[in-house]
Every structure is written in C-alpha cells, then in structure tokens.
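Colleague: Handing you a structure now.
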Amino acid sequence: MAVKIKLKRLGKIRAPHYRIVIADSRTKRDGRAIEEIGIYQPTYNPSKIEVDSDRAQYWLSVGAQPTEPVLAILKLTGDWQKFKGLPAPAPLLVAEPKVEDFSHLFAKAVAGFEDATTGVAITPKAKKSDKAEADADADAASTEA
C-alpha cells in the first residue's frame with residue numbers, strides 16, 4: 001500500500017482551509033485518512049501552518065511520500081530539512097499588521113478647519129426674489145390700512 005502525505009480540503013467555496021493528512025494514495029482528495037498531522041489555512045494573513053513534527057518525521061521515515069504542496073509546507077516548517085539531514089531554514093516570519101500613524105494629518109486638517117471657520121454660515125442665505133419682496137410689501141400695506 002502506497003502512503004501519501006497530502007492536503008484534505010475543508011471550508012466554504014471561497015474560504016478553504018486544509019488538513020495535512022496521511023492517506024492511502026488511492027483514496028479521494030477528501031476521503032478517509034489514516035492520520036491527521038497538521039493544518040494549513042492559506043486565507044489567514046499571514047497563512048497559518050501547524051505541523052506535528054514528530055508524526056511527520058515518523059511517516060517520512062516509514063516511506064510516506066508528500067505531495068508537492070505538502071512538500072513545500074514541510075520545507076517551510078523545516079521538517080523536510082530535518083528528515084534529509086540538511087541545515088534548518090530560517091524561522092517563519094510572522095508579519096505584524098502595518099499600522100500607519102495618520103495623527104499628524106488629522107491635526108493639520110483640524111487646524112486648517114479651525115482657521116477657516118468664523119462662526120458664520122458657510123453658505124450665504126438665499127435672497128428673496130423681487131416678486132416675493134413686492135408681495136411682502138403689499139401684505140404689509142394691507143395690514144396697516
């Protein structure tokens with residue numbers, strides 16, 4: 001029986017996540033697995049990779065063949081280098097979210113706004129048309145008489 005280390009797809013249509021599993025090479029992609037040894041979630045930023053190193057080393061030592069995507073994951077985690085006796089790779093870098101400081105721009109905008117305001121309405125009031133003024137004068141005259 002040929003044993004493979006492969007990815008088992010889970011999740012929604014556009015939000016996949018995978019389990020790294022040991023399975024017979026003849027089983028379906030999402031079929032029955034012998035053992036689950038890790039997870040891979042590519043949609044996270046940075047992507048989340050967890051591998052049980054001891055179990056991966058065991059299965060590699062007994063002849064399990066990793067698929068190409070799993071081989072790339074094992075190289076990232078250093079399990080493949082440990083199995084082959086190569087020097088370990090640099091540790092995975094966890095990218096911190098970039099937080100930009102826009103407080104100086106906000107201060108400039110507020111300062112510019114305070115200078116421009118005079119306490120008066122920005123939009124001038126609409127003036128009455130000449131006809132409306134004439135009607136208003138006629139009403140005033142009729143009330144006085």
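The values are calculated or read from the model by the stated rules, or taken from the named source; none is laboratory data. The structure presented is a predicted model; accordingly, all values stated were derived computationally and were not measured. Because the Cβ atoms are built from the backbone with ideal geometry, glycine has one as well, and the counts that use them run over all protein chains shown. What goes into the accessible areas is simple: the full protein's heavy atoms, side chains included, and nothing from ligands, DNA or RNA. Shrake-Rupley method; radii C 1.70, N 1.55, O 1.52, S 1.80 Å.
Colleague: Given the options Ile34, Ile20, Ile39, name the one that is over 16 Å from Leu92 (Cα atoms) and within 26 Å of the chain's Cα centre (by Cα). It would help to see each step written out before you state the result.
Modeller: Working: Ile34 fails: within 26 Å of the chain's Cα centre (by Cα); Ile39 fails: over 16 Å from Leu92 (Cα atoms).
Going through Ile34, Ile20, Ile39 in turn, the sole match is Ile20.
Colleague: Looking at Ile13, Ile5, Ile22 in this structure, which one is open to solvent by 40 Å² or more (accessible area, probe 1.4 Å) and either in a strand (DSSP E or B) or over 16 Å from Leu76 (Cα atoms) (or both)? Show your work before the answer.
Modeller: Working: Ile5 fails: open to solvent by 40 Å² or more (accessible area, probe 1.4 Å); Ile22 fails: open to solvent by 40 Å² or more (accessible area, probe 1.4 Å).
Matching residue, one of Ile13, Ile5, Ile22: Ile13.
Colleague: Just to be sure I understand the filter: pairs with C-beta atoms under 9 Å, separated by 6 or more residues or on different chains, first member in the range 1-23 and within 12 Å of Gln41 (Cα to Cα), second member open to solvent by 40 Å² or more (accessible area, probe 1.4 Å) and among the aliphatic types (A, V, I, L, M). Which pairs pass?
Modeller: From the range 1-23, the pairs are Pro16/Leu10; His17/Leu10; His17/Ile39; Tyr18/Leu10; Tyr18/Ile39; Arg19/Leu10; Arg19/Ile39; Ile20/Ile39.
Colleague: Scan Thr27, Thr43 and give me the residue that is under 15 Å from Ile5 (Cβ atoms) and in a loop (DSSP other than H, G, I, E, B). Write out each step before concluding.
Modeller: Details: Thr43 fails: under 15 Å from Ile5 (Cβ atoms).
Only one candidate passes the filter, namely Thr27.
Colleague: What number of residues within the range 47-79 satisfy the criterion of being open to solvent by 50 Å² or more (accessible area, probe 1.4 Å), out of contact with any strand residue (DSSP E or B) (no Cβ under 7 Å at 6 or more places or on another chain) and closer than 30 Å to Arg14 by Cβ?
Modeller: Final tally of qualifying residues: 3.
Colleague: Looking only at the range 31-73, which residues are polar (S, T, N, Q) and touching a residue at least 40 places away in the same chain (Cβ under 8 Å)? Walk me through it before giving the result.
Modeller: Within the range 31-73, the first condition is being polar (S, T, N, Q), and the residues that meet it are 41, 43, 45, 47, 53, 57, 61, 65, 67.
Selection gives Asn45, Gln65, Thr67.
Colleague: Can I ask one more? So which residues in the range 80-92 are assigned to a helix (DSSP H, G or I) and either aromatic (Phe, Trp, Tyr) or open to solvent by 40 Å² or more (accessible area, probe 1.4 Å) (or both)? Walk me through it before giving the result.
Modeller: Quick first cut of the range 80-92, residues assigned to a helix (DSSP H, G or I) only: 80-84.
Trp80, Lys82, Phe83, Lys84, listed by residue number.
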